[in-house]
């Protein structure tokens, strides 16, 4: 019962977070200098009357609260409105963009987490100078080299100088770059945690019982590190968003990031709102899942 | 011919080039217990880990060191060979059962792992053995214990579960590394008795590691006293205790016998009491929604006369430290009255500076009570400034206060990390006495110190009280220490005072069952020793 | 990379004097940072060209006379854009870090000193924006605040407030639980006294370390934002914008993209190496575990006589 309540509490907090983010985004979209009509007006040379008419048609002359209420009622029903610039349902645009981003982020996440885990495990099992240097290197790389710089370097080296990869379209380069970046962010802490976990008192007890090394690691060390792995995964997911944003722009991938950025430049708020809502809801959902998983692994938290 | 179960010859252990254990030799026979006694950092736990082959990777064994189990040489650096012995021929229980049991696995699962090590068994016989082991360590309701997680058990129950695990294979050698230090006195007595019964039944040799001389005397036939990695004295328990040869052993032994000696009754002073507390209750504030507040203190009433020492005796979680914080004004009670020197403070928003001057508190952990970034001088200047006592004479005042606790002026410019635990606690006492308080609240002030240092601090405190005449509220869990220092004792249990009265009377004629249980848990006195006067300790 | 010489320094026997007083792990990155900052400040005197002047006869020229680092696709002097870029990047990021600390640490400490409820309210508010990753939050803020270096600085600062606030809170609670804080309270010390005398000196190391970590992250975020084309005006000389603009001409003029890229990586690398050094020196958590010191064990030989002479 207590366990169910605490999971519900976590979910509820996540929902409140989502609601606040959506409200904040809505507000920011409306206070931003220059609206979509201005942008269209500049491009299409509309008269002031035409612009006013357009604002009226789009409901932009209504009070903010009314507009927001309108949007929410539709959004809850799954209708995010139509793009003002492209006059297409936002849902359709999301439907084409999301798979691209999903592929990119899931692959990057898998690669990054695997790389970090492999490096950290190797360094714990066989402490050596080589692994330390590798771990430090990956860590410093992720801090010092922003993903878009790594992308530019990759294009320059592999695609132009060596002629290996097609400059655009391929997922391999962005996945490797984001994955490496993610791995660098967590690998050091992961290694420290693993190092500490093998010296935990209950792990010593397990060894004192004479259990085999694999049994000690699987049943006694691993549960102790699950909490950290989950927390670090949550951290990585946040940085995935930023990473995929720049990678999509640089490698011209038609994903959620490109869509959001184009919408921002074009002041196309139905699209901005829908994209940010989607991103924040999925982040909160993922974090909640991590939280629940952690509670399942560690009986003390329930 | 028969070999001793365990033999150690010239055991040497070095960690990162520093020698932790030097030339240690002893042997334990079947069914016999050897106690390794020493203070923190004396190398006793490392000895145990070396026998089990669990030394940290940076530790090195001396070239001449030989360890024999049943006459067969042990090779502590050969993990595969040692692993075959661990959990079968020898096993170990550790100090802090809470962190030594895996929090992620049920108690039954963890014991079952040990049963699997002892020998392959089918499901039903494993289950039977599990219940049998849990019954062996006298845990209640085995079927339900099996399903529970360690954090759902009490400290004593956790240590019993550890014992069940260690005894699953009926090992030849059981190593018990401070198995009762983290537990309350009553639980400690139960576990020690259980260890004795189990040994009689299984016939294992036992290496018992402790800092507590009385526990060692209670359990062991042989004693090895360690200091800074060296065995300073070893032999049959009776002989070592009756005629300690080494200075350090003598101090350890006399510490206990001083505590046994009845102190002279304090002169009863009349006049305004220092503290009067009536019907005090305190609820810990809740951090989570819908949780009920936890009542740490309930219906506590007491009185401390001027110049009198009231001992507050209780186990962990009895609310005694909360009481100390309430009386010193660091917490505000949920209900009830506290008056310090006649002034009510229970519901006052601020406490008058003059009252703060007259009442001071000292905390348990001398490592945390001094700011690491302030020198001893500036740490001692702080109360003078805050209590508006600083003036032209404060430098001399601080120096004199340090001299009172036997610390020279050279300590003024040192930082806390350059001092030992006992020295820090003396600085804390000096700091508390700067404002010449009429009431000193001591919250477990010697619990974090080693036995011999404890006695020095206590003797000093008593002497200071004799010259200055302040009243004391002495909070502690060690029944002998509290009895020795107090005129009267209040026994606390689960947030209530269960019994209150003269120190001598409470111990000789306890009225309440809980007090009786506490006194029953006291270890039997050591054999009479020739040295009993206080000067021998110094 | 320059991580290599640092890792190998202890093995080298020479330069022991230098190593003691200014190890390469500190000196080299510090020199790079200072050099870039000085060059940024002195930009008007170091270059003959304005960063905005276009010379349509000299498009995508390689390094050579007149243009030490060449020109970009609009014929603008790359060196001049690079130096002015250093100026704006460093100013915006440093100010952003200051804002993150003023708001995160300042408000955090205020709320923590005020008590339980102030703390809960502040951190509930911070939790609401914490669900968004920093870069996305900064992006949205710029959308609302408009472009320009002012809004950019604020957006950068605010996007790092949650991190700083959480680090501050953890450090505060770690110190506030110590007995010396209780002791000071028992002498009648008020919140301000305890904060200034006990807590601040003990958490300063953690905060300084955190600032050293945040600054390069601010620079990276700033460059990402300008790479995405938000935050600064389209022709403003920022490194991210230079990289984005030149990426279309990457084949013809790789020098135009390499100059800002190498400078950016060199700066963030130096700053994060400095941050690592600072952490090694200041972070109390590391100190507690790394340095055994006399606190860990009551060093028997030295202490014993005094201890024994107690009474």
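Checked against the criteria, residue A:224 does not count as within 14 Å of chain B (Cβ to nearest Cβ) and touching a strand residue (DSSP E or B) at 6+ places or on another chain (Cβ under 8 Å).
Residues of region B:116-132 include none that is under 31 Å from the mean Cα position of the chain (by Cα), within 14 Å of another protein chain (Cβ to nearest Cβ) and not in a helix (DSSP H, G or I).
When C:247, C:226, C:233 are screened for being within 7 Å of another protein chain (Cβ to nearest Cβ) and either touching a helix residue (DSSP H, G or I) at 6+ places or on another chain (Cβ under 9 Å) or not in a helix (DSSP H, G or I) (or both), only C:247 passes.
The set of residues in region B:103-115 that are at the interface with chain A (Cβ under 7 Å from one of its Cβ atoms) and either under 20 Å from residue B:171 (Cα atoms) or surrounded by 24 or more Cβ atoms within 10 Å (Cβ to Cβ) (or both) comprises B:113, B:114. In the set C:137, C:90, C:83, only one residue is within 14 Å of chain A (Cβ to nearest Cβ), closer than 23 Å to residue C:271 by Cβ and buried (at least 19 other Cβ atoms within 10 Å of the Cβ); that residue is C:137. Could you please give the count of residues in region B:329-350 that are facing another protein chain (nearest Cβ under 7 Å) and not in a loop (DSSP other than H, G, I, E, B)? Matching residues across region B:329-350 total 0.
Just one of (1) in contact with a helix residue (DSSP H, G or I) (Cβ under 9 Å, 6 or more places away or on another chain); (2) within 12 Å of chain C (Cβ to nearest Cβ); (3) modelled with pLDDT of 90 or more fails for residue B:463. It is (1).
Kindly check whether there is at least one residue in region A:150-158 that is more than 15 Å from residue A:174 (Cα to Cα), in contact with a helix residue (DSSP H, G or I) (Cβ under 9 Å, 6 or more places away or on another chain) and not in a loop (DSSP other than H, G, I, E, B). No, every residue in region A:150-158 fails to be more than 15 Å from residue A:174 (Cα to Cα), in contact with a helix residue (DSSP H, G or I) (Cβ under 9 Å, 6 or more places away or on another chain) and not in a loop (DSSP other than H, G, I, E, B).
Candidates A:68, A:111, A:80: the one that is farther than 30 Å from residue C:253 by Cβ, at pLDDT 90 or above and away from chain C (no Cβ under 14 Å) is A:111. From the list A:150, A:125, pick out the single residue that is closer than 21 Å to residue A:253 by Cβ and more than 18 Å from the chain's Cα centre (by Cα). One residue alone meets the criteria, A:150. Kindly evaluate residue B:216 against the criterion of being out of contact with any strand residue (DSSP E or B) (no Cβ under 7 Å at 6 or more places or on another chain) and crowded, with 23+ Cβ neighbours inside 10 Å. Considered against the rule, which asks whether it is out of contact with any strand residue (DSSP E or B) (no Cβ under 7 Å at 6 or more places or on another chain) and crowded, with 23+ Cβ neighbours inside 10 Å, residue B:216 comes out as no.
Would you pick out the residues in region A:255-302 that are within 30 Å of residue A:218 (Cα to Cα) and outside any helix (DSSP H, G or I)? Working first, answer last.
Filtering region A:255-302 for residues within 30 Å of residue A:218 (Cα to Cα) gives A:283-302.
Matches in region A:255-302: A:298, A:302.
Residues that are under 19 Å from residue B:354 (Cα atoms) and part of a helix (DSSP H, G or I) were ranked within region B:385-419; the one that is nearest to the other protein chains (Cβ to nearest Cβ) is B:386. In the list B:85, B:153, B:68, B:133, which residue meets the criterion of being touching a helix residue (DSSP H, G or I) at 6+ places or on another chain (Cβ under 6 Å) and either modelled with pLDDT of 90 or more or exposed (fewer than 14 other Cβ atoms within 10 Å of the Cβ) (or both)? Within the list B:85, B:153, B:68, B:133, the selection yields B:133.
You will find that of A:271, A:236, the residue that is over 30 Å from residue A:88 (Cβ atoms), more than 10 Å from every other protein chain (Cβ to nearest Cβ) and crowded, with 21+ Cβ neighbours inside 10 Å is A:236 and no other. Note on region A:40-129: enclosed helices (runs of 4 or more DSSP H) holding 3 or more residues that are in contact (Cβ under 8 Å) with a residue 60 or more places away in the chain are A:90-125.
Note on region C:163-194: residues that are within 13 Å of another protein chain (Cβ to nearest Cβ), outside any loop (DSSP other than H, G, I, E, B) and more than 30 Å from residue C:223 (Cα to Cα) total 16. Can you give me the number of residues within region C:255-311 that are modelled with pLDDT of 80 or more and at the interface with another protein chain (Cβ under 7 Å from one of its Cβ atoms)? So the answer is 7.
Quick check on region A:138-153: of everything there that is within 7 Å of chain C (Cβ to nearest Cβ) and surrounded by 21 or more Cβ atoms within 10 Å (Cβ to Cβ), which residue is farthest from residue A:115 (Cα to Cα)? Checking each candidate, the answer is A:152. Considering only residues of region C:142-162 that are buried (at least 23 other Cβ atoms within 10 Å of the Cβ) and facing chain A (nearest Cβ under 9 Å), which is farthest from residue C:92 (Cα to Cα)? Of everything passing the filter in region C:142-162, C:143 is farthest from residue C:92 (Cα to Cα). Residue count for region A:169-227, restricted to those that are touching a residue at least 40 places away in the same chain (Cβ under 8 Å) and outside any helix (DSSP H, G or I): 4. Among the residues of this structure, residue C:125 counts as one that is assigned to a helix (DSSP H, G or I), more than 23 Å from residue A:257 (Cα to Cα) and within 14 Å of chain A (Cβ to nearest Cβ). Take the conditions (1) over 28 Å from the mean Cα position of the chain (by Cα); (2) under 30 Å from residue B:299 (Cα atoms); (3) more than 9 Å from chain C (Cβ to nearest Cβ); residue B:353 misses just one of them, which is (3). Here residue B:212 fits the description: modelled with pLDDT under 90 and either within 18 Å of the chain's Cα centre (by Cα) or not assigned by TED's automatic domain parsing to the domain that holds residue B:491 (or both).
Being under 20 Å from residue B:26 (Cα atoms), free of Cβ contacts under 8 Å to residues at least 24 places away in the same chain and surrounded by fewer than 20 Cβ atoms within 10 Å (Cβ to Cβ), is that true of even one residue in region B:222-232? Yes, region B:222-232 contains a residue that is under 20 Å from residue B:26 (Cα atoms), free of Cβ contacts under 8 Å to residues at least 24 places away in the same chain and surrounded by fewer than 20 Cβ atoms within 10 Å (Cβ to Cβ).
The values are calculated or read from the model by the stated rules, or taken from the named source; none is laboratory data. Small disclaimer: the values here were computed from a predicted structure and weren't measured. Positions of Cβ are backbone-derived with ideal geometry, glycine not excepted, and every protein chain shown enters the neighbour counts.
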